[in-house]
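One structure below.
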């Protein structure tokens with residue numbers, strides 16, 4: 001493997017890990033393999049800690065491809081619970097409001113979903129990394145401060161109901177960069193005259209990379225440890241960079 005010229009490593013991000021946690025683990029494995037203290041590694045598209053699935057990690061000169069990879073179409077499988085909201089619209093925060101949901105039928109869900117197809121405007125959730133005056137929105141939200149976020153355009157190409165069992169829905173969503181599935185959950189709940197929040201989310205595709213193409217973090221680390229190294233012709237291997 002040529003980590004300097006650049007490798008693209010697709011991993012299945014574990015539940016509870018931040019995207020940075022995954023990058024840090026992969027970077028550490030590469031640094032040990034190359035026997036260097038610092039090395040450039042990045043990811044193409046953040047996943048929330050409570051989400052799992054496809055996370056693309058780029059090394060070395062392949063980090064130049066991050067923006068292109070981030071722009072790839074995303075696919076998600078979302079599990080949504082109706083009848084309650086949380087401030088973050090997922091399980092990061094506790095339930096804050098309860099709503100009736102017994103009136104909802106499967107036909108109602110089928111009628112509502114097309115309203116979110118195509119190009120739409122979406123207001124990001126306050127628990128998000130959107131910047132307000134240089135500060136992440138979630139930092140304001142966690143302090144209980146009220147923030148107003150502007151709606152942004154995005155595209156939802158496919159929105160499929162996979163299962164319906166009140167109070168739970170399971171959806172398959174194919175969408176553009178910048179889509180917040182938690183915000184989509186919030187808005188679907190409103191259209192159904194109830195509350196809603198995510199209870200599980202898996203990203204199953206980014207561009208042409210699918211979940212089946214991904215390694216577990218442990219398998220990726222092992223592959224890095226066991227691989228045969230190669231280097232670009234213009235690269236000078238440092239000596240004793242790991243020495244203190």
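Considered as a group, the residues in the stretch 163-184 that are within 15 Å of the chain's Cα centre (by Cα) and not in a loop (DSSP other than H, G, I, E, B) include one that is surrounded by the fewest Cβ atoms within 10 Å (Cβ to Cβ), and that residue is 172. Residue 55 passes every criterion in (1) more than 27 Å from residue 230 (Cβ to Cβ); (2) touching a strand residue (DSSP E or B) at 6+ places or on another chain (Cβ under 9 Å) apart from (1). Assessment of the stretch 64-82 against the conditions (on the phi > 0 side of the Ramachandran plot and in contact with a strand residue (DSSP E or B) (Cβ under 8 Å, 6 or more places away or on another chain)) yields no matching residue.
Kindly indicate whether residue 118 is surrounded by 12 or more Cβ atoms within 10 Å (Cβ to Cβ), more than 20 Å from the chain's Cα centre (by Cα) and on the phi > 0 side of the Ramachandran plot.
no
One residue alone among 219, 234, 187 is modelled with pLDDT of 95 or more and over 30 Å from residue 104 (Cα atoms), and that residue is 219.
For the stretch 189-215, the tally of residues that are outside any strand (DSSP E or B) and out of contact with any strand residue (DSSP E or B) (no Cβ under 6 Å at 6 or more places or on another chain) stands at 7. For the stretch 58-82, a residue qualifies if it is in contact with a helix residue (DSSP H, G or I) (Cβ under 7 Å, 6 or more places away or on another chain) and without any contact (Cβ under 8 Å) to a residue 60 or more places away in the chain, and the qualifying residues are 58, 59. Candidates in the stretch 90-112 are the residues that are under 22 Å from the mean Cα position of the chain (by Cα) and closer than 26 Å to residue 152 by Cα; of these, the one that is surrounded by the most Cβ atoms within 10 Å (Cβ to Cβ) is 90. Number of residues in the stretch 35-52 that are crowded, with 19+ Cβ neighbours inside 10 Å and either free of Cβ contacts under 8 Å to residues at least 12 places away in the same chain or out of contact with any helix residue (DSSP H, G or I) (no Cβ under 6 Å at 6 or more places or on another chain) (or both): the value is 3.
The values are calculated or read from the model by the stated rules, or taken from the named source; none is laboratory data. Bear in mind that the values here come from a model prediction, so they are computed numbers and not experimental data. Heads up, the Cβs are rebuilt from the backbone with ideal geometry, glycines too, and the neighbour counts pull from every protein chain shown.
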